[in-house]
1. May I ask you to list the residues in the range 24-39 that are outside any loop (DSSP other than H, G, I, E, B) and open to solvent by 60 Å² or more (accessible area, probe 1.4 Å)?
2. Given the conditions (1) at pLDDT below 90; (2) of a type outside the set (D, E, K, R); (3) exposed (fewer than 11 other Cβ atoms within 10 Å of the Cβ), report the number of the one that PRO14 does not fulfil.
3. Could you grab me the full set of residues in the range 1-11 that are open to solvent by 100 Å² or more (accessible area, probe 1.4 Å), in a helix (DSSP H, G or I) and either touching a Gly at 6+ places or on another chain (Cβ under 9 Å) or not hydrophobic (A, V, I, L, M, F, W, C) (or both)?
4. Let me spell it out: the conditions are (1) over 15 Å from GLN2 (Cα atoms); (2) touching a Pro at 6+ places or on another chain (Cβ under 8 Å), and ALA45 meets all of them except one. Which number is the exception?
5. Under 6 Å by Cβ, and 6 or more places apart or on different chains, what pairs join a residue from the range 22-50 that is on the phi < 0 side of the Ramachandran plot and small (Gly, Ala, Ser) with one that is in a helix (DSSP H, G or I) and at pLDDT 90 or above?
Amino acid sequence: MQDPRVLDTHELEPALANLRKARDAGLDEGADSADFREIDRVIAAFEDEIRKRSAE
């Protein structure tokens, strides 16, 4: 998974959107919620980084 700290600001939103689409697709396919711990962690990291940069 990508580290949001190394992406340019304009790259964060599209990358976050792709992560959310991947997560939603997995849920639609019936994957267990335990399978999503890592992607949820990465999504949270992207959201935190976006908030951090917005506050600057």
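1. At the first step, the residues of the range 24-39 found to be outside any loop (DSSP other than H, G, I, E, B) are 24-28, 33-39.
Listed by number, the residues that qualify are ASP24, LEU27, ASP28, SER33, ASP35, ARG37, GLU38.
2. For PRO14, the failing item is (1).
3. Just the residues of the range 1-11 that are open to solvent by 100 Å² or more (accessible area, probe 1.4 Å), to begin with: 1-2, 5-6, 10.
Now drop any that are not in a helix (DSSP H, G or I), which leaves 5-6, 10.
Across the range 1-11, the qualifying residues are ARG5, HIS10.
4. (1)
5. Partner pairs satisfying both residue conditions: ALA45/PRO4.
The values are calculated or read from the model by the stated rules, or taken from the named source; none is laboratory data. Not measured: the values here are computed from a predicted model. Counting neighbours? That spans all protein chains shown, and the Cβs are built from the backbone with ideal geometry, glycine included. Side chains are part of the model used for accessible areas, which takes the heavy atoms of the whole protein and leaves out ligands, DNA and RNA. Shrake-Rupley method; radii C 1.70, N 1.55, O 1.52, S 1.80 Å.
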